[in-house]
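The values are calculated or read from the model by the stated rules, or taken from the named source; none is laboratory data. A quick note: this is a predicted structure, and the numbers were derived from the prediction, not measured. Note: ideal-geometry Cβ built from the backbone for every residue, glycine included; neighbour counts use all protein chains shown. Note: accessible area is taken over every heavy atom of the protein model, side chains too, but ligands, DNA and RNA are not part of it. Shrake-Rupley method; radii C 1.70, N 1.55, O 1.52, S 1.80 Å.
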Amino acid sequence: MSEYVDQLLTNVATKNPHEPEFRQAVEEVMESVELVLERHPEYRDAKIVERIVEPERVIQFRVPWVDDAGDVHVNRGFRIEMNSALGPYKGGLRFHPAVYIGKLKFLAFEQIFKNALTTLPMGAGKGGADFDPKGKTDTEVMRFCQSFMTELQRHIGPDTDVPAGDVGVGGREIGFLFGQYRRIRNVHAGGVLTGKGVGWGGSLIRPEATGYGAVYFAEEMLATRDESLEGNRCLVSGSGNVAQYTVEKLLDLGAKPITLSDTGGFVYDPDGIDREKLAWVMTLKNERRGRMREYVEAFPSATFTPAEAGDANPLWAVPADCAFPSAIENEINEKDAVNLANGGVKVVSEGANMPTTPNGVQVFFDMGVMYGPGKAANAGGVAVSGLEMSQNSMRVTWDREVVDDRLRTIMKRIHQQCRETAEDYGKPGSYFHGANIAGFTRVADAMLAQGVI
Ligand code: NDP
């Protein structure tokens, strides 16, 4: 690394102590941005990088709520308004006990480049709370969401900041959040949140978009080698929104998904997770809010491996052709990456945000695994959120086929943009560099044009 980038990373580390995920995300991007700065000294002179690592605004607030037994709880809520050079802040809300400012800053930072890659007019943000929806009743989740929105509403708006879902925030939570916004502001502003129900301003294909998009991205990567997904055994982690629709699209395209997981462990179904089994998983996770271990009781052909602390996740050692990490950050370490490559995996398309550690990414490069980084491969979700915003402002609803077609086109374009940019910067075949550089230059140009703000 150059002295300049080295110094920059030291400053980021000094200014953001105890935020390892944020520093990891910045370091990963800087590896690529260094190449851009050599070609574009004007970005360096305008201190684009120094500005881009500093959120435009960080909001932290108290979220008090009362459980069903009448006990009072206090959580911490956040919204990181990271960068608005390209449009209103845009990015999801995460409700998870591990949420803290550093994790949301990493996610908001990733969102800058991801949203830029879609070429839609969206800036970057992320938010959430250290609230754990697991084990809570619907009424408790509702009261929490209402309290959360009572504060958040003063900071957001269709032209300012447009949150959506993420881990722990699905259709149920978006409904409660939107209801409270509408009540306090006395305005039915559909464009203030995306991921809404289709009956009240949501877009068809939004729930499916992240998973579908990650599969479309893998399809594009394979097509460069004249291959397709058909007949390929696919590892999928997680069992939430992204994982479920990844499995659905894999089935549409003739592939064979064979794993799913949650925090309790993973199931391996050598017969494949077919549509009937997927429907069962959707009911389990979205309605009964149960655990993946129950899968083996319903489908005895499968095995369940409980999660255990160890130096590798056995899910990634199951022999397969493709992998779709769709659970959480840093779920594939160096050893897992070696296991994936040795097990026959030729393509990794990241549905989750930053699921592979930097050493794991290096293994993919070294062992010739095609690697689609999250900021490109999972951009389909935010892209269809952008389409939901367009439909809301035009007060129209597009058909399922129209939205799916647009999603597919956007994923194709992102893929092409990554490939061409990587080639242009002397890193042929590296989607990692292509995504970082293409995303960065689009935002940097906008920041340059808009002056020092
Ligand atoms: P959900 O909350 O719907 O599902 C998350 C899934 O991951 C659950 O099955 C959960 O298990 C599992 N999980 C969480 N933490 C761990 C862990 N430490 N080990 C193993 N499994 C774990 O979230 P989403 O599907 O929406 O999000 C998944 C990933 O995709 C996240 O990285 C998110 O940031 C990213 N993403 C999501 C987008 C979206 O549109 N929703 C858009 C772009 C990226 P359990 O049920 O036990 O909690």
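Think of each Lys and Arg Cβ as +1 and each Asp and Glu Cβ as -1; about the Cα centre, that makes the dipole of the stretch 209-368 roughly 320 debye. Extending 7 Å from the Cα toward the beta-carbon at both ASN11 and ARG183 defines two label points whose distance is 4.6 nm. Using alpha-carbon positions, what is the distance between the centroids of the stretch 54-126 and the stretch 278-296, in Å? Between the Cα centre of the stretch 54-126 and that of the stretch 278-296, the gap is 28 Å.
What a 1.4 Å probe finds exposed on the chain is 48% carbon and sulfur by accessible area, rounded to a whole percent. The C-alpha radius of gyration of the stretch 209-368, expressed as a fraction of 2.2 N^0.38 Å, stands at 0.95. For a straight C-alpha distance cut-off of 18 angstrom, the lysines reachable from LYS335 (same-chain residues fewer than eight places away being disregarded) are LYS346. If the viscosity is 0.692 mPa s and the temperature 37 °C, what translational diffusion coefficient in µm²/s does Stokes-Einstein give for the chain when Rh comes from Kirkwood over Cα pairs? Diffusion coefficient, whole number: 149 µm²/s. Neighbours of LYS375, meaning other residues whose beta-carbon lies under 12 angstrom from its beta-carbon, give a summed charge of -2 when Lys and Arg score +1 and Asp and Glu score -1.
For the chain, the solvent-accessible area of protein heavy atoms averages 40 Å² per residue (probe radius 1.4 Å; ligands and nucleic acids excluded). With a simple spin-label model that places each label point 7 Å from the Cα along the Cα-to-Cβ direction, the separation between VAL198 and THR283 comes to 2.1 nm. Here the alpha carbons of the stretch 347-447 define both size measures, Rg and Dmax, at 15.4, 49 Å. For the stretch 20-168, the ratio of Cα radius of gyration to the globular rule of thumb 2.2 N^0.38 Å stands at 1.17.
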